[in-house]
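*Asks:* Following this message is one structure expressed as structure tokens.
The values are calculated or read from the model by the stated rules, or taken from the named source; none is laboratory data. The model shown is predicted, which means the values in this text are computed figures rather than measured ones. As a convention, Cβ positions derive from the backbone with ideal geometry for all residues, glycine included, and neighbour counts pool all protein chains shown. SASA here: full protein model, heavy atoms, side chains in, ligands and nucleic acids out. Shrake-Rupley method; radii C 1.70, N 1.55, O 1.52, S 1.80 Å.
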Amino acid sequence: MEWNPETLQLLSQCFLHTLSPAPGPRRSAEASLAEAADRPNYGLAVLRLVAEPSVDEQIRQAAAVNFKNHLRVRWAPGAPDESNASPLGPIPDSEKEQIKALIVPLMLSSTQRIQSQLSEALALISKHDFPKSWPSLLPELVVSLQKACQASDYASVNGILGTANSIFKKFRYQYKTNDLLLDLKYCLDNFAAPLLEIFLKTAALIDSAVSSGALAATLRPLFESQRLCCRIFFSLNFQELPEFFEDHMKEWMGEFRKYLTMNYPALENSGTDGVALVDELRAAVCENINLYMEKNEEEFQGYLNDFALAVWGLLGNVSQSSSRDQLAVTAMKFLTTVSTSVHHTLFAGEGVIPEICKSIVIPNVRLRDEDEELFDMNYVEFIRRDMEGSDLDTRRRIACELLKGIATNYKKQVTDMVSSQIQNLLNSFGLNPALNWKDKDCAIYLVVSLSTKKAGGSSVSTDLIDVQNFFGSVIIPELKNSDVNGLPMLKAGALKFLAVFRNLISKPIALQMFPDLVRFLGSESNVVHSYAAICIEKLLLVKEDSGVARYSSLDIAPIFPEMMTKLFNAFKFPESEENQYIMKCIMRVLGVADISREVAGPCIVGLTSILNEVCRNPKNPVFNHYMFESVALLIRRACERDPSLISHFETNLFPSLQMILANDVTEFFPYAFQLLAQLVELNNPPIPASYVQIFEILLSPESWKRASNVPALVRLLQAFLQKAPHELNQVGRLSQVLGIFSNLVSSPSTAEQGFYVLNTVIDSLEYSVIEQYIGHIWAVLFGQLQSRRTVKFIKSLLIFMSLFLVKHGQKNLLDTINSVQNGIFIQILRQFWIPNLKLITGAIELKLTAVASTRLICECPALLDPAFVEDWGKMLDSIVTLLSRPEQERVDEEPEMPDISENVGYSASFVRLYNAGKKEDDPLKDIKDPKQFLIASLSKLSSLSPGRYPQVISQYLDPTNQSALLQFCRSYNCPIA
């Protein structure tokens, strides 16, 4: 693309139209730009447009955004675009060099909005090119920084520091490697000294401005500059303490402490944005000293006392306003780090712990207006923070973490202190419950948050209270309260307490609570009815020490009908139409309760009506998953009890499943195919005609193009093969199925699924039906074996050959394999079967391959020929290894690298429905013990040629395996003659 007045005019018009509210001109302009983007020098032309002062600011800003996005997808070679189409053409190297030459000066001379876009673009380039392919960048930034600094041009200073901050962020997130440390050294050598220079100069300017009573406008860019210097400090110090920073620690720490202890009234009294600017700088300082406390404790210890006092003093003055949360959280994190370090004695002084509890912890744990607003306006986010632990960066949570940190070394003082605080809060509530309900909420929150989880389980304990007594006196009154809508936050706290301490609440007391939990499902508060559902769901998961479920179908039978009604009714509350906690509870209850015909009917009607609604616009994948699990569970448990219900489920579900397929609701395809497989498996042949249409969809190549559909389609195909083998053998359907197998097995990501199809074909169909196709099957498999000798593929092949042998006999196996190429079977045996047999895992697979291998050496004339005695001996050695050694001893699998090209841009994913799971079929139900089968077969074989086999065994079996074989003979009382 040539740069001339016409190009300038064309691009200006296009970018102007992209801002148009009318869709026609906007789409046309976007299409023109997309087409132009494929031409060389397009990025350079757009950058020159951004630099053109005669063009309107709005157009230049749109161009800057387009330039940044253009670089994002085309700077790195082969970056795929969003639609996962073919990779976009990369920017030519010559154009890249010109862009790199122009971007820094242009960024510095731009207005702030354009500067921020170009700064991001520069960071994108540096991610790929810096420092190796762009050695001039850092020196150029340093020279520009020094010039801007001398001119006190803080708009440019902050633009350069912002860019440097973006570039250096990689040192925070990447693993420490030699290459990363070399890049870090290069950055430190070039930037550490200029950074300190600008930091100290700006600090002096701030001091001077404050003492002369300068206005907020003067201070703002200076504070922003210091904040950026602090973020760069964090990045450059993250991996390890650099020598330069250790040598100049005094200068840095002196200024850091000043920002934590001094007030800046000109800024702090100039509105919330002024306070925020000072707070952001202080929070950045807290992160830096926390980093030094965690990683450079020894070098930092001389400054620790002063900083601990400074942070403590700061926390006492930080208001409860949500705008100051970041500062409060980072400051408390620093004190938490100190409390668990060797310097914890700072907390040992007289009255320190009570003071921290009173002035820092309790004020930050108390509910604020913002918490109440979140509770009412965004219940999903409230639950995520409050119940699911995503609140690591909230004041409430970090205040409790601070107490836990101090308790690491001062457990008794903390326990006594907090216990008395809890009692005070409860007493305050008792004086005026309506007014002081937040005190009780605070007490419950402290107990729950300071509880400790036992490693590896869901069991929770606490030293602060006696759980049973606290539950009886504090929690039960809330749960027994007849007004399910009164003081909802307090009700939610009580329900959370029961959910957290569920293992410690005795069964008789918890059973008395179930009707109340069902009542709370009718609360208008989204959080309260969600917490009631979470409580029920978690209680039903509780197990006794013996591993048996504590609550059975009998326990919930009296309230089961009302519980299901209330659960389905809860979806009618505004905002709870797709409440995942309610749906998960439905799934859990259906897994425990007895599902009679009377219950199954309303449940499937309720679930299908929700499914039909969600199909219109699937939004919440978690909700959707639990919904499909609930349907699968209902079908499974109801049909276990009454198989005749299958037709009732088909009548209700078929319209919904057909709607999913007809309306192309692709997110639900894997679920629909799994449910159909479940329904097919529950039918007795012949299957109803309504399934034939689905069978046609299943055989269409179009259905198999989406990777996320494949496992579910394979599962459905297996179900059809097992339940409708005769229908399969009509109008060329079997060759279609084998075409699907060929396609699947030829791709590394779906080869295993291809074997599932093939195994089911071999298992379900008569030999006469498949005989004409066997040669083709071997040709496909051996063709793949030549190019792909992965452990996974070879194991799948061994399992298939073993299944073929036990189903259709060793003669058919040998004859059909040798028909591909004369004598190839013995090569396959030597190269693949014998060396890899020991790698087989899984009880059914192990039995299948051991029995098939035993039949080969005991029944196959070719292997009983004296010419193949070595193969016979080695095969027996492999069988004994497989049967006698534990899995971890014989399987030493290298994790196989996925084929990257196949996974690029993969978006929709297959999610297995646990409750629609396929029962594993055992093709050898009559053989219970493969070891006994081996010994009995060997004993029978050796009796025909006494004395022949002990000699072969001693020659070819590993000594350990000889002993194991002898042990088998003794155990089953079967000698080898």
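*Asks:* I want to confirm something. Restricting to segment 431-440 and keeping residues that are outside any helix (DSSP H, G or I) and over 42 Å from the mean Cα position of the chain (by Cα), which single residue is farthest from Leu490 (Cα to Cα)?
*Replies:* Asn432
*Asks:* Give the number of residues within segment 395-450 that are modelled with pLDDT under 95, of a type in the set (D, E, K, R) and under 26 Å from Leu327 (Cβ atoms).
*Replies:* Of the residues in that region, 5 qualify.
*Asks:* Regarding Leu180, is this residue surrounded by fewer than 21 Cβ atoms within 10 Å (Cβ to Cβ), aliphatic (A, V, I, L, M) and modelled with pLDDT under 95?
*Replies:* For Leu180, the condition - surrounded by fewer than 21 Cβ atoms within 10 Å (Cβ to Cβ), aliphatic (A, V, I, L, M) and modelled with pLDDT under 95 - is met.
*Asks:* Identify all residues within segment 523-547 that are open to solvent by 40 Å² or more (accessible area, probe 1.4 Å), under 21 Å from Ser576 (Cβ atoms) and outside any helix (DSSP H, G or I); write none if there are none.
*Replies:* Glu524, the sole residue that qualifies.
*Asks:* So, restricting to helices (runs of 4 or more DSSP H) that lie completely within segment 210-307, which ones have at least 2 residues that are open to solvent by 70 Å² or more (accessible area, probe 1.4 Å) and more than 27 Å from Ser341 (Cα to Cα)? Write out each step before concluding.
*Replies:* Numbers: elements: 216-237, 243-247, 249-261, 265-268, 272-295.
Result: 216-237, 272-295.
*Asks:* State whether the residues of segment 944-963 include one that is modelled with pLDDT under 80, open to solvent by 70 Å² or more (accessible area, probe 1.4 Å) and not in a helix (DSSP H, G or I).
*Replies:* In the first step, residues of segment 944-963 are kept if they are modelled with pLDDT under 80; the result is none.
The answer is no, given that none of the residues of segment 944-963 is modelled with pLDDT under 80, open to solvent by 70 Å² or more (accessible area, probe 1.4 Å) and not in a helix (DSSP H, G or I).
*Asks:* Of the conditions (1) buried (at least 18 other Cβ atoms within 10 Å of the Cβ); (2) over 39 Å from the mean Cα position of the chain (by Cα); (3) touching a residue at least 40 places away in the same chain (Cβ under 8 Å); (4) under 24 Å from Ile125 (Cβ atoms), Ala63 satisfies every one except a single condition; which number is it?
*Replies:* Ala63 satisfies all of (1) buried (at least 18 other Cβ atoms within 10 Å of the Cβ); (2) over 39 Å from the mean Cα position of the chain (by Cα); (3) touching a residue at least 40 places away in the same chain (Cβ under 8 Å); (4) under 24 Å from Ile125 (Cβ atoms) except (2).
*Asks:* Related question: In segment 736-744, is there at least one residue being in contact with a helix residue (DSSP H, G or I) (Cβ under 8 Å, 6 or more places away or on another chain) and more than 26 Å from Arg789 (Cα to Cα)?
*Replies:* Within segment 736-744, one or more residues are in contact with a helix residue (DSSP H, G or I) (Cβ under 8 Å, 6 or more places away or on another chain) and more than 26 Å from Arg789 (Cα to Cα).
*Asks:* Related question: Any residue at all in segment 489-503 that is buried (at least 19 other Cβ atoms within 10 Å of the Cβ), in contact with a Pro (Cβ under 8 Å, 6 or more places away or on another chain) and of a type outside the set (Phe, Trp, Tyr)?
*Replies:* No: segment 489-503 contains no residue that is buried (at least 19 other Cβ atoms within 10 Å of the Cβ), in contact with a Pro (Cβ under 8 Å, 6 or more places away or on another chain) and of a type outside the set (Phe, Trp, Tyr).
A quick yes/no check of all residues on (1) open to solvent by 60 Å² or more (accessible area, probe 1.4 Å); (2) touching a helix residue (DSSP H, G or I) at 6+ places or on another chain (Cβ under 7 Å); (3) among the aliphatic types (A, V, I, L, M):
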position: Lys100; (1), (2), (3): no, yes, no
position: Gln117; (1), (2), (3): no, yes, no
position: Leu145; (1), (2), (3): no, yes, yes
position: Ala151; (1), (2), (3): yes, no, yes
position: Ile160; (1), (2), (3): no, yes, yes
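*Asks:* Moving to a separate point now. Can you name every residue in segment 507-547 that is at pLDDT 95 or above, among the polar types (S, T, N, Q) and over 27 Å from the mean Cα position of the chain (by Cα)?
*Replies:* If the condition is that a residue be at pLDDT 95 or above, among the polar types (S, T, N, Q) and over 27 Å from the mean Cα position of the chain (by Cα), then Gln512, Ser523, Ser525 are the ones that fit.
*Asks:* Turning to a different aspect of this structure: Would you mind stating whether Thr841 is at pLDDT below 95, not in a helix (DSSP H, G or I) and not aromatic (Phe, Trp, Tyr)?
*Replies:* So Thr841 passes the test.
*Asks:* A further question follows. How many residues are open to solvent by 30 Å² or more (accessible area, probe 1.4 Å), part of a helix (DSSP H, G or I) and more than 13 Å from Asn409 (Cβ to Cβ) if we restrict to segment 325-354?
*Replies:* Number satisfying all stated conditions: 4.
*Asks:* Pick from Ala34, Ala51: which is hydrophobic (A, V, I, L, M, F, W, C) and either exposed (fewer than 14 other Cβ atoms within 10 Å of the Cβ) or touching a strand residue (DSSP E or B) at 6+ places or on another chain (Cβ under 8 Å) (or both)?
*Replies:* Exactly one of Ala34, Ala51 is hydrophobic (A, V, I, L, M, F, W, C) and either exposed (fewer than 14 other Cβ atoms within 10 Å of the Cβ) or touching a strand residue (DSSP E or B) at 6+ places or on another chain (Cβ under 8 Å) (or both), namely Ala34.
*Asks:* Considering only residues that are closer than 16 Å to Ser235 by Cβ and of a type in the set (Gly, Ala, Ser), which ones fall in segment 273-315?
*Replies:* Ala283, Ala284
*Asks:* Another question, then. Conditions first: (1) modelled with pLDDT of 95 or more; (2) crowded, with 17+ Cβ neighbours inside 10 Å. Lys185 passes all but one, so which condition is the exception?
*Replies:* Just one mismatch for Lys185, condition (2).
*Asks:* Hey, another quick one. For the structure I just gave you, tell me whether Ala203 is small (Gly, Ala, Ser) and either modelled with pLDDT of 95 or more or at positive phi (or both).
*Replies:* yes
*Asks:* Of all residues in segment 625-647, which are part of a helix (DSSP H, G or I) and surrounded by fewer than 17 Cβ atoms within 10 Å (Cβ to Cβ)?
*Replies:* Kept after step one, since they are part of a helix (DSSP H, G or I), are these residues of segment 625-647: 625-641, 643-647.
Correct list: Glu640, Arg641, Pro643, Ser644, Ser647.
*Asks:* Same structure, new question: Given the criteria touching a residue at least 12 places away in the same chain (Cβ under 8 Å) and among the polar types (S, T, N, Q), does Asn4 qualify?
*Replies:* no
*Asks:* While we're here: Considering only residues that are of a type in the set (A, V, I, L, M, F, W, C), within 14 Å of Gly43 (Cα to Cα) and open to solvent by 80 Å² or more (accessible area, probe 1.4 Å), which ones fall in segment 1-23?
*Replies:* Trp3
Residues checked against (1) of a type outside the set (Ser, Thr, Tyr); (2) over 23 Å from Ile740 (Cβ atoms); (3) at pLDDT 90 or above; (4) open to solvent by 50 Å² or more (accessible area, probe 1.4 Å):
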position: Leu661; (1), (2), (3), (4): yes, no, no, no
position: Phe673; (1), (2), (3), (4): yes, no, yes, no
position: Pro711; (1), (2), (3), (4): yes, no, yes, no
position: Gln722; (1), (2), (3), (4): yes, no, no, yes
position: Pro725; (1), (2), (3), (4): yes, no, no, no
